[in-house]
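Trainee: Provided herewith is a single structure, encoded as C-alpha cells, for subsequent inquiry.
The values are calculated or read from the model by the stated rules, or taken from the named source; none is laboratory data. It should be emphasised that the depicted structure is a prediction, and the values quoted were computed from it without experimental measurement. Cβ placement follows ideal geometry from the backbone for every residue including glycine, while neighbour counts extend to all protein chains displayed. Side chains are part of the model used for accessible areas, which takes the heavy atoms of the whole protein and leaves out ligands, DNA and RNA. Shrake-Rupley method; radii C 1.70, N 1.55, O 1.52, S 1.80 Å.
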Amino acid sequence: MRVIISSPFETREIEKVLKKFGFEIVKKGKADFILVYGGDGSILYAEREYPSIPKLVFKTSIRFRKFEYSPHQLKEILKKVGDGNFRIQEEMKLEATFKGKKLIALNEFQVRVSIPTRALRFSVYVNRQAFTNLIGDGVVVSTPFGSTGYYKSIGGKPFRKGIGIGFNNLHNTRVRPFVIDENLKVRIKVLREDAYLLYDNSEEFLRVRPNESLSIRKAKEKANFILV
C-alpha cells in the first residue's frame, strides 16, 4: 500500500515502522491512505491537501475520537491495516458558497467581525426560521466532527448528526447553539461592519461586506478515516 505522511513533526521513526510492515512511502501522487501524525490542526491540514483520501490518524494530543490512535499503538495498528483488518468511517463536510466561490470545511465555517473592537450586525436564516439583526462577534456553523472544537467553546454540545449553529458573544439577545437537519441550508447575511468568512484552520480569509450573503450546506464529498 502506498502512503503519504502528513505531519509537522519529525517522522523518521514512523517511516521505519511503515517500511518494516511493507508500506511504500510516497511524497506525492496517488496514495492508498494518508498517515496523519499530530493534533486536530494536522488533520484539518491533511484533509485540505488530500481531500477524501482515507486518513490514518495518530494523535499527539490527549483527546481522541474512536478512529484516532496513540503513537504507541503505531505497530499494532499498521499491522492490522496491512492485513486489511480495517473499515472506513465517513465524516460529513460542509460547503460554503460566496460570490460564486465554493469552500469546503471538515470542522466549521465562521463569519466573524473583521475589527475586534466593533460589533457585527447580521442575520441567519434556516428553513423557515430567521434570526435577524443579531449583534455580536459572529456565528459558527459546525459539522459533527467539529462540534468538539470551537462550536463547543461558545456553548454548543457535541453532536453526531446534523449541522450545528452557534453564536459568538451576542450582545442584544441570547440564542443557545442548536442543531438542524443536515439536509437544510443556512444563509447568513451581513448587515453592518465588515466580516471575514473563515473555515477550519485555513489562512484564507474572505471578506464579507454589508448587504452580502453566503450560504452553507452539507457538501457532497466526505472525509474518510481508517478505523481498525
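Trainee: So who's got an amide H within less than 5 Å of the one on L56, skipping anything under 5 residues away but keeping other chains? H placed 1.01 Å off N, in plane.
Mentor: I34, L35, V36, I226
Trainee: Nearest-5 percent of antiparallel DSSP beta bridges in the chain?
Mentor: Just about 80 percent of them are antiparallel.
Trainee: Have a look at V36, L78, F178 and report the one farthest towards the positive end of the charge dipole of the chain, computed about the Cα centre with Cβ charges (Lys/Arg +1, Asp/Glu -1).
Mentor: Among V36, L78, F178, the one farthest towards the positive end of the dipole of the chain is F178.
Trainee: Next question. Counting Lys and Arg as +1 and Asp and Glu as -1, each charge on the Cβ, what is the dipole of region 1-59 about the Cα centre in debye, to the nearest 20?
Mentor: My answer is approximately 200 debye.
Trainee: For region 1-63, rounded, prolate or oblate, judged on the Cα gyration tensor with a ≥ b ≥ c (square roots of eigenvalues), a/c < 1.5 rounded, else prolate if a/b > b/c?
Mentor: oblate
Trainee: OK, next. Amide H to amide H under 5 Å from F159: which residues, 5+ apart in sequence or cross-chain, H placed 1.01 Å off N in plane?
Mentor: Close amide H contacts, sequence-distant or interchain: S147.
Trainee: Place a +1 charge on the Cβ of each Lys and Arg in the chain and a -1 charge on the Cβ of each Asp and Glu, then give the dipole magnitude about the Cα centre in debye, rounded to the nearest 20.
Mentor: Dipole about the Cα centre, nearest 20: 440 debye.
Trainee: Karplus couplings for region 106-122 from phi (6.51 cos²θ - 1.76 cosθ + 1.60, θ = phi - 60°), rounded to Hz, Gly and Pro as x?
Mentor: 8, 8, 6, 10, 10, 10, 10, 4, 7, 10, x, 7, 10, 9, 8, 9, 7
Trainee: Here's a follow-up. Convert each backbone phi in region 14-24 into a coupling constant with the Karplus relation 6.51 cos²θ - 1.76 cosθ + 1.60 (shift: θ = phi - 60°), then list the ³J(HN,Hα) values in order as whole Hz, x for Gly and Pro.
Mentor: Calculated HN-Hα couplings, in order: 5, 4, 4, 5, 4, 5, 4, 8, x, 7, 9 Hz.
Trainee: For the pairs K99/K161; K102/K222; K55/K93; K27/K75, note any where the Cα-Cα span goes beyond 19 Å.
Mentor: Beyond 19 Å between Cα atoms: K99/K161; K27/K75.
Trainee: Order of 208-215, 160-167 by packing, highest average Cβ count within 10 Å first?
Mentor: Top of the packing list down: 160-167, 208-215.
Trainee: If you don't mind, there's one more thing I want to ask. Scan region 21-76 for trypsin sites (Lys or Arg not before Pro) in coil per DSSP, keeping those whose Cβ has at most 12 other Cβ atoms within 10 Å, and list them by number.
Mentor: K27, K28, K30, R63, K66
Trainee: Could you give the dipole magnitude of region 41-153 about its Cα centre, charging the beta-carbon of Lys and Arg +1 and that of Asp and Glu -1, in debye to the nearest 20?
Mentor: Approximately 160 debye in magnitude.
Trainee: Follow-up. Go ahead and run the numbers for FRET between T117 and N211, Cβ-Cβ distance against an R0 of 25 Å, rounding to 0.05.
Mentor: Rounded to the nearest 0.05, the efficiency is 0.70.
Trainee: Of all the accessible heavy-atom surface of region 142-222, with the other protein chains kept in place and a 1.4 Å probe, what percent is carbon and sulfur?
Mentor: About 45 percent, which is the carbon plus sulfur part of the accessible surface.
Trainee: In whole Hz, what ³J(HN,Hα) sequence does region 73-86 give by Karplus (6.51, -1.76, 1.60; θ = phi - 60°), x for Gly and Pro?
Mentor: Result, ordered by residue: 8, 3, 5, 4, 5, 5, 4, 5, 5, x, 7, x, 8, 7 Hz.
Trainee: Need one word for the chain: rounded, prolate or oblate. Basis is the Cα gyration tensor (sqrt eigenvalues a ≥ b ≥ c); a/c below 1.5 gives rounded, then a/b vs b/c decides.
Mentor: prolate
Trainee: Give me the extension gain from E204 to T11: residue separation times 0.36 nm, minus the current Cα-Cα distance, reported in nm with one decimal.
Mentor: Between E204 and T11, full extension yields an extra 66.7 nm.
Trainee: Quick one: grab the alpha carbon gyration tensor of region 162-220, order the square roots of its eigenvalues as a ≥ b ≥ c, and give me rounded if a/c is under 1.5, else prolate or oblate depending on whether a/b is larger than b/c.
Mentor: It comes out oblate by the Cα gyration axes.
Trainee: Ranked from highest to lowest mean number of other Cβ atoms within 10 Å per residue, what is the order of the peptides 126-132, 39-45?
Mentor: Per-residue mean Cβ counts within 10 Å order the peptides as 39-45, 126-132.
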